[in-house]
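The values are calculated or read from the model by the stated rules, or taken from the named source; none is laboratory data. Quick caveat, the model's predicted, so the values are computed rather than measured. All Cβ positions, even for glycine, are placed from backbone atoms using ideal geometry, and neighbour counts span all protein chains on display. We work out accessible area using only protein heavy atoms, side chains counted, and drop any ligands, DNA or RNA first. Shrake-Rupley method; radii C 1.70, N 1.55, O 1.52, S 1.80 Å.
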Amino acid sequence: MTSKRPKSIRERKLPVVEPVPPFREGLRQLGIDTTDWDYVVALAGNPNTGKSTVFNALTGLRQHVGNWPGKTVARAEGGFAYEGKKYKLVDLPGTYSLLSASTDEEIARNFILFGRPDCTIIVMDATVLERNLNLALQILEITDRAVVCLNLMDEARRKGIRVNHKTLERELGVPVVPTVARTAHGMNELVAAVAGVASARIRTRPHRITATGDTARSVDELVALIEAAYPGLPNARWLAMRLLEGDKRVEDALRLGELSQLAVSRELEPAEVATSGAAAR
């Protein structure tokens with residue numbers, strides 16, 4: 001007598017498990033080893049975009065976690081090596097803006113503006129692209145060394161959302177790499193893009209707000225004054241625009257002369273950047 005399997009067992013479908021693709025040859029996760037790096041990479045993005053998953057995929061599950069000095073905000077660092085170069089990855093607090101209304105925004109803005117990382121990875125959620133563009137455009141106003149990590153592409157497909165990353169890349173003027181960080185899809189291409197931007201092999205032309213008429217003249221005049229007062233200060237244009245928009249924190253920093261502490265070499269450590277100046281206090 002042949003026994004039959006219960007119908008519920010016979011018809012049950014096993015879940016499809018996507019294989020994790022191997023990383024590009026030459027990439028090595030370094031975990032907490034961030035000594036003697038060649039390039040510094042910032043990791044920025046809105047909360048809940050999979051930014052921590054991207055961090056772990058690049059560095060491994062081990063990371064050095066502490067607080068930004070003088071803050072209660074956690075600071076995670078890790079490292080990876082690629083094509084013979086070592087990269088220090090600094091995970092910035094998740095934030096929706098760089099307008100410095102909170103401590104998280106203060107830390108992210110100061111590090112991108114004054115720490116001058118060799119590349120900033122902007123992690124975006126492909127399912128709510130319009131929500132993430134605000135932060136992305138603000139970062140591109142500050143730095144031209146950026147790569148967009150268009151994450152959660154699997155969720156976007158599941159919801160019937162199609163994102164043309166090539167069109168987005170042309171509009172933003174920086175590399176855009178579609179990824180699914182939890183399965184490592186697209187991470188090979190992300191690492192290659194970061195290496196290209198950090199080494200200046202990939203040239204970017206980020207989207208910027210173009211001022212005209214009286215506004216343009218005002219920006220030019222302020223830029224000249226800022227550069228004369230603080231030689232070496234990065235991105236005087238962005239500071240000039242913040243002044244025109246009435247940013248009280250930037251006004252205070254200029255009036256008190258505290259920006260002079262930040263007109264220094266790009267080798268600033270995260271600890272130094274987080275505590276320097278009143279531009280975002």
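Structure notes:
- The conditions of being in contact with a Pro (Cβ under 8 Å, 6 or more places away or on another chain) and either of a type outside the set (S, T, N, Q) or modelled with pLDDT of 75 or more (or both) are met by Val174.
- Condition met for Ala224 (modelled with pLDDT of 80 or more, open to solvent by less than 40 Å² (accessible area, probe 1.4 Å), among the aliphatic types (A, V, I, L, M) and out of contact with any Pro (no Cβ under 9 Å at 6 or more places or on another chain)): no
- When residues in region 234-275 are screened for being at pLDDT below 75 and not in a helix (DSSP H, G or I), 9 of them pass.
- Region 192-216, subset in a helix (DSSP H, G or I) and in contact (Cβ under 8 Å) with a residue 40 or more places away in the chain, residue surrounded by the most Cβ atoms within 10 Å (Cβ to Cβ): Val194
- Output for region 135-167, where each listed residue is open to solvent by less than 20 Å² (accessible area, probe 1.4 Å) and of a type in the set (A, V, I, L, M): Leu135, Ala136, Ile139, Leu140, Ile142, Ala146, Val147, Val148, Leu150, Ala156
- Pairs, first on the phi > 0 side of the Ramachandran plot and among the basic types (Lys, Arg) in region 111-139, second crowded, with 21+ Cβ neighbours inside 10 Å and part of a strand (DSSP E or B), C-beta under 9 Å, six or more apart: Arg116/Val40
- Positions within region 126-169 being within 26 Å of Ala240 (Cα to Cα) and part of a loop (DSSP other than H, G, I, E, B), in sequence order: Thr143, Asp144, Arg145
- For region 170-191, residues that are in a helix (DSSP H, G or I) and surrounded by 16 or more Cβ atoms within 10 Å (Cβ to Cβ) total 9.
- Residue within region 118-134 that is open to solvent by 40 Å² or more (accessible area, probe 1.4 Å), at pLDDT 95 or above and small (Gly, Ala, Ser) present: no
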